[in-house]
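Some notes on the structure that comes next.
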Amino acid sequence: MGFVARFLVFMSLFTGLVSGFALQKLPLIQFDEGYTHLFGDQNMIVNRDGKSVRLILDERTGLSSWSLLGSGFVSNDIYLHGFFSSSIKLPADYSAGVVIAFYLSNGDIYEKNHDEIDFEFLGNIRGKEWRIQTNIYGNGSTHLGREERYNLWFDPTEDFHQYSIMWSHSHIIFYVDNIPIREVKRTASMGGDFPAKPMSLYATIWDGSKWATNGGKYGVNYKFAPYVAQFTDLILHGCAVDPIEKVLSCQDGAAEDFRLASEITESQRKKMDSLRRKHMTYSYCYDRTRYKVALPECVVNPEEAKRLRVNDPVTFGGIPHRHGHGKHRSKSRQSI
């Protein structure tokens, strides 16, 4: 199906979504309709129904070269704005060091100034829960981490749960089971840090032993392999564009439809505020060890700030670490 035909189908379906953003009306696609294998040899398996796929991390892939850890798939098209979603079931038992990502990126096209919108699922030791992290980069702003992390309010290894990204010209919204958990509004102060160039949709599983669990304290233990992440209910709903075109934009009012669809209702906002109060464990907007002054797009919520500061006064209160014997520790990457 050509771009024009795809776009007309997209618009006819999207028109009904603007009011109340009826996610259940979005069409699911077969894997081969929207995606292709990215890496990992035989460690990506498409189920017979063609609607579901498994990504596997085992010792064979885990011990290969760094760039080929685990397995992954990528969208056939690149998109400028849209709604991207999958229901995902994560590996059970010991999963420390395992990272599963569902994200938009254009790093293969813009090596030095790429954009990215991330869901990252971070494994843990036995008895500890998976954590979920969201992050964005714009125009290569990787030196400014905009991470937020949350404890999930369900066991993501027992059943499938839906994780979705809404990306428009003015908003980025992360959803879990159709409930928004994070909203990023484009502001003039962000400049090029707001993702604005066409991106592909990726899903990967890989070995993040060096950083993913307690700053690298716990790594992947291949005794518990294979680690299997399952994806189904695939949705790719956006403006597919040609990256070689000089002018890239959504056509015939699609950009305005995306803007309207990305507006959070009062009911949704109440649910989002409640989930953030109960389950958010980290936000870059309150991290005084990294940013003495909050980044310009941050809107400080006093309740969020207070709760995070109580739980971690060093990170969120700016209290200096105390080091024994007059020795100074080198500054390391934020433990995740």
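Per-structure values
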read-out	value
Share of alpha-carbon pairs per 5 Å distance bin for segment 77-174, given as whole %	3, 11, 21, 23, 18, 12, 8, 3, 0
Phi to ³J(HN,Hα) by Karplus 6.51 cos²θ - 1.76 cosθ + 1.60 over segment 39-56, Hz, x for Gly, Pro	7, x, 6, 8, 8, 10, 10, 8, 5, 4, 6, x, 9, 10, 9, 10, 10, 10
Above-threshold pairs, the threshold being 26 Å between Cα atoms, out of 197/292; 25/51; 25/278; 51/271	197/292; 25/278; 51/271
Rounded if a/c under 1.5, otherwise prolate or oblate - segment 271-320, Cα gyration tensor axes	oblate
Loop-located GluC sites (Glu not before Pro) in segment 85-142 whose Cβ has at most 12 other Cβ within 10 Å (DSSP)	111
Built amide H within the under 5 Å cut-off of residue 114, gap 5+	140
Net charge contributed by nearby residues that have their C-beta within less than 10 Å of residue 87 (K/R +1, D/E -1)	-2
Cα centroid of segment 285-307 to Cα centroid of segment 70-107, whole Å	28
Area accessible to solvent at residue 114, 1.4 Å probe radius, in Å²	30
Distance in nm between pseudo-label sites at residue 242 and residue 270 (7 Å out along the Cβ direction from Cα)	4.9
Residues residue 233 and residue 45, FRET efficiency given R0 of 25 Å [Cβ-Cβ distance, rounded to 0.05]	0.90
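The values are calculated or read from the model by the stated rules, or taken from the named source; none is laboratory data. This is a predicted model, so every value here is computed, not measured. Quick reminder, even Gly has a Cβ in these numbers, built from the backbone with ideal geometry, and neighbours come from all protein chains shown. Just the protein is used for accessible areas: all its heavy atoms, side chains included, with ligands, DNA and RNA removed. Shrake-Rupley method; radii C 1.70, N 1.55, O 1.52, S 1.80 Å.
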